[in-house]
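Asks: One structure coming up, written as structure tokens, with questions to follow.
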Amino acid sequence: MPSSPAPHRPLVLRGVSVVSTADGTHGPAVDVSVRDGVITAISASSSGPADPFAVVVDAPGRFVVPGYVDAHAHPLPASGPIPASALGLMLANGITGFRQMSGSAGLLARRRAGTLGLPADAPDLLALPGALLTPMNAGSSAAAIAAVREQHAAGADFVKAAAIAPQPYFDAQAEANRLGIPVLGHLPAGIDVRAAARSGFRSIEHLGPGVTMLVSCSCDQHGLGEAVAAAKSGVKIPSVRLPLPAGLTMRLMSRIVRKLVVNPTNRSRPVDIELLRRGVDTFDADDAAELAADLTAAGVWQCPTLIRMRAQQLCDAAEFRDDPNLTYMSRATIREWTAAAARFRTFSAAERATLRAVYELLLRLTRIFDQAGAKMLTGTDAVGAAWVVPGFSLHREFAELASAGLRPLRVLQMTTLDPAEFFGTSSTMGSVEVGKKADLVVLDADPMDGVASLGRIHAVIHGGRLYSSTDLADIKNRIAAGSPAR
């Protein structure tokens, strides 16, 4: 395949099969023409002369799909320069867009000023929040409302909630509804899931996380709910009681969250794991199906991040320790992840069995949501989460979704068509059509044959720029060698 053209040069993919993200079908071979980052024509394939200035890629027998979206990732640091490695690995694995799930006033300010500084070989930033809502900045209703107002004024695309009390959450949600900014993220421990859905919660991340969703799937909802409330279950983030400068508060919160995100399960108390055990033992498929139907009817999206949850609930598994893709991670990161696995091994055998059972239940729950017709997104929780290697983890997510029982078409839609709907960008992305952005993945195999085909990447086109298989390998090799991606 030819080397990557200059961004302004036209491009023709010749003899490819375009896969419909609506139904998975593909017609006869076509030529896909690209100019200025946009698909300008899809025509019957021809071996005749093309635009003399165009780069022609002969790719007979190959399949074209839209670029993938990782809708739950953390590659952007709260401050400072943006490292190229994680973003380069994402692009090299076919990811052309991502939703940043942690933000800051600084990131929002840099985006407004046009000085964010994304590397050249990086997916597009599709959405960015302000600082995470926690007890440190949303410990009361007044503080939560103020935080929502500040983030809205700063241009945040959404507000992410985590580990806040139910009342501050509901008041923050009401203010966000008034301002027209979505709230999404982690369901507060002890909250009524359906009440959160009715209030406008946009997207549930990690299927909860924790026991919150399982309470609503239990045949003993009342008893389990009371036990969760009494135990004050959930990830513990300290509140700030002394007046502190806003910048210092955010730095403290960022440091705490960074430590937590490696593996929140490691902070579980015996009572927390016992509540998870009760959630597993009292799980009722009919109750779960009813919940899925209710949340779907309320318009709540799901971003399961199964690979994140697998790595979290099976943290000491050899499959992670022996992952060949660890070659792309720094020694410091691997030491941190290895330490998390060592901490995880201090749980008893029975506790680890419960955590494994919880993960198996999350697979069932994902399938139940799929059967209910829930709108879902693919996400991984890279960067920071133990054993979640950027880029490669999305393909592991595809495999986990397939093991949950989702069809290849459904998985393809979750990473292409559905994100376009979620972000309100269906006019420009989500399918391979004339007039849409030239963010494409060329595959060596039909993705309808199985999700593994989504990883058989022959080339990536991002913003109309071609990355050949050689280019993609070069990006990976430079990152593995410790050099920045170009």
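Asks: Select from region 31-46 the residues that are farther than 11 Å from LEU440 by Cα and assigned to a strand (DSSP E or B) and list them in ascending order.
Replies: If we filter region 31-46 for residues that are farther than 11 Å from LEU440 by Cα, which is where we start, we get 31, 33, 35-36, 40-46.
Passing the criteria: ASP31, SER33, ARG35, THR40, ALA41, ILE42, SER43, ALA44.
Asks: A follow-up question, please. Residues of region 333-359 being within 23 Å of the chain's Cα centre (by Cα), among the charged types (D, E, K, R) and farther than 24 Å from LEU214 by Cβ, which ones?
Replies: Selection gives GLU336 alone.
Asks: Okay, next question. So for region 99-112 (the condition being within 19 Å of ILE475 (Cα to Cα) and of a type outside the set (Lys, Arg)), does at least one residue qualify? So that I can check it myself, show each step before the final result.
Replies: Going through region 99-112, the residues within 19 Å of ILE475 (Cα to Cα) turn out to be none.
No: region 99-112 contains no residue that is within 19 Å of ILE475 (Cα to Cα) and of a type outside the set (Lys, Arg).
Asks: Restrict the check to region 305-317 and report whether at least one residue is under 16 Å from THR265 (Cβ atoms), surrounded by fewer than 19 Cβ atoms within 10 Å (Cβ to Cβ) and of a type outside the set (Lys, Arg).
Replies: yes
Asks: Here is a check on your reading of the model: is ALA473 assigned to a helix (DSSP H, G or I), assigned by TED's automatic domain parsing to the domain that holds PRO304 and surrounded by fewer than 19 Cβ atoms within 10 Å (Cβ to Cβ)?
Replies: On the way: assigned to a helix (DSSP H, G or I): yes; assigned by TED's automatic domain parsing to the domain that holds PRO304: no; surrounded by fewer than 19 Cβ atoms within 10 Å (Cβ to Cβ): yes.
Spelling it out, it is not the case that ALA473 is assigned to a helix (DSSP H, G or I), assigned by TED's automatic domain parsing to the domain that holds PRO304 and surrounded by fewer than 19 Cβ atoms within 10 Å (Cβ to Cβ).
Asks: What is the residue count in region 110-152 for residues that are in a helix (DSSP H, G or I) and farther than 30 Å from MET90 by Cβ? Break it down stepwise before answering.
Replies: Initial filter on region 110-152 (in a helix (DSSP H, G or I)): 110-113, 141-152.
Then drop every residue that is not farther than 30 Å from MET90 by Cβ, which leaves 141-146, 149.
So the answer is 7.
Asks: Which residue out of PHE320, PHE347 is in a loop (DSSP other than H, G, I, E, B), of a type outside the set (Val, Ile, Thr), more than 24 Å from SER216 (Cα to Cα) and touching a residue at least 40 places away in the same chain (Cβ under 8 Å)? First the steps, then the outcome.
Replies: Numbers: PHE320 fails: in a loop (DSSP other than H, G, I, E, B).
It is PHE347.
Asks: Same structure, new question: Listed residues LEU126, LEU108, LEU133, LEU118; which is without any contact (Cβ under 8 Å) to a residue 60 or more places away in the chain, in contact with a strand residue (DSSP E or B) (Cβ under 9 Å, 6 or more places away or on another chain) and surrounded by fewer than 22 Cβ atoms within 10 Å (Cβ to Cβ)?
Replies: On the way: LEU126 fails: without any contact (Cβ under 8 Å) to a residue 60 or more places away in the chain; LEU108 fails: surrounded by fewer than 22 Cβ atoms within 10 Å (Cβ to Cβ); LEU133 fails: surrounded by fewer than 22 Cβ atoms within 10 Å (Cβ to Cβ).
It is LEU118.
Asks: Let me ask something else. Among the numbered criteria (1) surrounded by fewer than 19 Cβ atoms within 10 Å (Cβ to Cβ); (2) outside any strand (DSSP E or B); (3) in contact (Cβ under 8 Å) with a residue 24 or more places away in the chain; (4) not hydrophobic (A, V, I, L, M, F, W, C), which single criterion is violated by PRO77?
Replies: (3)
Asks: Additional query: Within the group THR415, THR380, which residue is in contact with a Phe, Trp or Tyr (Cβ under 6 Å, 6 or more places away or on another chain) and buried (at least 24 other Cβ atoms within 10 Å of the Cβ)?
Replies: Only one candidate qualifies: THR415.
Asks: Moving on to the next point. I need the full set of residues from region 422-439 which are under 19 Å from the mean Cα position of the chain (by Cα), farther than 16 Å from ALA22 by Cα and not small (Gly, Ala, Ser), in order please.
Replies: PHE423, ASP439, listed by residue number.
The values are calculated or read from the model by the stated rules, or taken from the named source; none is laboratory data. Every value quoted in this text rests on a predicted model; they were computed, and no experiment measured them. So basically every Cβ, Gly included, is an ideal-geometry build from the backbone, and we count neighbours across all protein chains shown.
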